[in-house]
Protein chains: 2
Amino acid sequence: MLKEERHKIILKEINLHNKVLSTDLSEQLVVSEDTIRRDLNELSEQGLIVKVHGGAMGKTFHYPFNGQNQVYAQEAKQVIADKAIGLFQKDMLILVEGGTTIMEIAKKIPPDLKATFMTISPQVALTLAEHEQIDVITIGGRLAKNAYVHTGASVIYELANIRPDLCIIGTNGISPEGGLTDTDWEVVQVIKAMIRSAKKTAVVSIAEKFNTVQKIKISDWTAIDYIITELPPDSPVLSAYSGKEKPVLL
Amino acid sequence: MLKEERHKIILKEINLHNKVLSTDLSEQLVVSEDTIRRDLNELSEQGLIVKVHGGAMGKTFHYPFNGQNQVYAQEAKQVIADKAIGLFQKDMLILVEGGTTIMEIAKKIPPDLKATFMTISPQVALTLAEHEQIDVITIGGRLAKNAYVHTGASVIYELANIRPDLCIIGTNGISPEGGLTDTDWEVVQVIKAMIRSAKKTAVVSIAEKFNTVQKIKISDWTAIDYIITELPPDSPVLSAYSGKEKPVLL
DNA sequence: TAAAAATATGCAAATTCATGCAAATTATTC
DNA sequence: GAATAATTTGCATGAATTTGCATATTTTTA
């Protein structure tokens, strides 16, 4: 295997999981860990990755492997992503928003899933494009600087003309009284349009955002079909959200 | 076996597997490894492949950009970016395509420039969004997996409804006879629409792509307003493109 | 603090490479 | 068609690169 070939695989791996372990790569690529380390050093010198003890990480998030809070959030998002992927079926049209949790979902899509994804996030679009079988359609518009998603009237207009099977959104606050809430008015308008257009809507959110309220309301929580967190559905934190016909807790 | 014959087979092989080993080719084509190496060097000089230790690889274009340590190309793109930025003025509506050269331009935009950029590339959109003063609008559509730009009828339709002051495109081939040419039909359709919509069009391209011809034609080179390369305008390589009223060589 | 894991460094073997040169092939000129 | 020039090719040589291992050092974990 060529050195550059390994480099590409390593970059792709980091792109997909945001981290790599030297030991894993050594097995996967059937070379010594020394060689992997040398590869990682080269890629790091080129500024493409960030080397850390035990492996390497992507450039965007350089927190160490064991930085308590973020590690928990990171792992929580993996659990959420796995649950969300369970909703996907062949030939679905799936509309997804942006945000770190949805990025994790985009990375973990099974390689054999054939489906069409639409998104308002350039980052998610690029990540989805890594999967050969996935057809990616970006809904364009003005790029909101804070949230890195497309917003504005044109996006809402586009959304009115599609009918996705499933829509996946993130949120910054969920509470029994306040419903789903977020911080950015422009983004909220788009999310509302996404919910309107889709047959079913799933909210993905790590548990720490539960029972918090942000400034702008997206919808009542009963308007949602699925709520996905890293906790088991019967967790006490979620008790306030069960009982009704909708949503289903996953 | 003729040399050109080997070259075609090598290119085909790289197209298929994205890599070739000198040893394999030597066996397959029944020539010495020295000859193969010379072949690979030639193809590499023509910019068709990337030579690496042990063989060669295709010129893929990954996300995030995998720096093939092409120091020259990188520096050339810096020069090109500086020249391109000279065309930008306050409050312009500037339409840009995708590709590595245009990414460099997106990175180098002066922090005090207030302008609106539209792009068909998610990568470029994200890079532009780093600049506080720049308003970024993505033209959405189906994301072409190879070029990482949005393509399709909807993009062309959108382009028909805007009138940018300036449009900046890349190209894979420019020659006096063939004009501007590229490799992907879908992408070419979009570029043609971009040129139609814009008041002025600038082509950015490193000099190695000059006097080469790709499969699909974009337009005649005289239809372009500015040609930007890393070379000075009076360079011999560019002599075939000067003299007419358009384009201006920068 | 001690054990374990990961790392950097030097080194040697294997492979790959660039270069010069002569033979073979191809193109050009008369 | 023959002679000449230009190009292409294979081989030999030494240089450069890559890789795995051994060892000493640093970092992490318990």
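The values are calculated or read from the model by the stated rules, or taken from the named source; none is laboratory data. Predicted, not measured: the structure shown is a model, and the values here were computed from it. Backbone-built Cβ (ideal geometry, glycine too); neighbour counts: all protein chains shown.
Side notes on the structure shown:
- Counted residues, the stretch A:86-99 - those being surrounded by 14 or more Cβ atoms within 10 Å (Cβ to Cβ) and not in a strand (DSSP E or B): 6
- Only residues that are buried (at least 17 other Cβ atoms within 10 Å of the Cβ), farther than 19 Å from residue B:77 by Cβ and modelled with pLDDT under 95 were counted across the stretch B:159-177, and they come to 1.
- Members of the stretch B:4-30 that are at pLDDT 90 or above and β-branched (Val, Ile, Thr): B:20, B:23
- When B:13, B:27, B:5 are checked against the criterion of being surrounded by 15 or more Cβ atoms within 10 Å (Cβ to Cβ) and without any contact (Cβ under 8 Å) to a residue 60 or more places away in the chain, a single residue qualifies: B:13.
- Scanning the stretch A:1-51 for residues that are more than 14 Å from chain B (Cβ to nearest Cβ) and of a type in the set (D, E, K, R) returns A:19, A:24, A:27, A:33, A:34, A:37, A:51.
- Complete set of residues in the stretch B:5-22 that are under 19 Å from residue B:47 (Cβ atoms) and either assigned to a helix (DSSP H, G or I) or of a type in the set (D, E, K, R) (or both): B:6, B:7, B:8, B:9, B:10, B:11, B:12, B:13, B:14, B:15, B:19
- Residue list for the stretch B:38-50, filter: within 12 Å of DNA strand D (Cβ to nearest atom) and surrounded by fewer than 17 Cβ atoms within 10 Å (Cβ to Cβ): B:38, B:41, B:42
- Condition broken by residue B:107, with the remaining ones in (1) in a loop (DSSP other than H, G, I, E, B); (2) more than 10 Å from chain A (Cβ to nearest Cβ) satisfied: (1)
- Filtering the stretch A:84-95 for residues that are at the interface with chain B (Cβ under 10 Å from one of its Cβ atoms) and closer than 30 Å to residue B:135 by Cβ leaves an empty set.
- Of all residues making up the stretch A:24-57, the number that are under 15 Å from residue A:11 (Cα atoms) and assigned to a helix (DSSP H, G or I): 15
- For the stretch B:21-37, the condition of being away from DNA strand D (no atom under 13 Å from the Cβ) and in contact with a Ser or Thr (Cβ under 8 Å, 6 or more places away or on another chain) holds for none of the residues.
- Out of A:17, A:7, sole residue that is under 22 Å from residue B:20 (Cα atoms) and either within 11 Å of DNA strand C (Cβ to nearest atom) or in contact with a helix residue (DSSP H, G or I) (Cβ under 8 Å, 6 or more places away or on another chain) (or both): A:7
- Of residues in the stretch B:78-101 being at pLDDT 95 or above and closer than 20 Å to residue B:190 by Cα, the one nearest to the chain's Cα centre (by Cα): B:97
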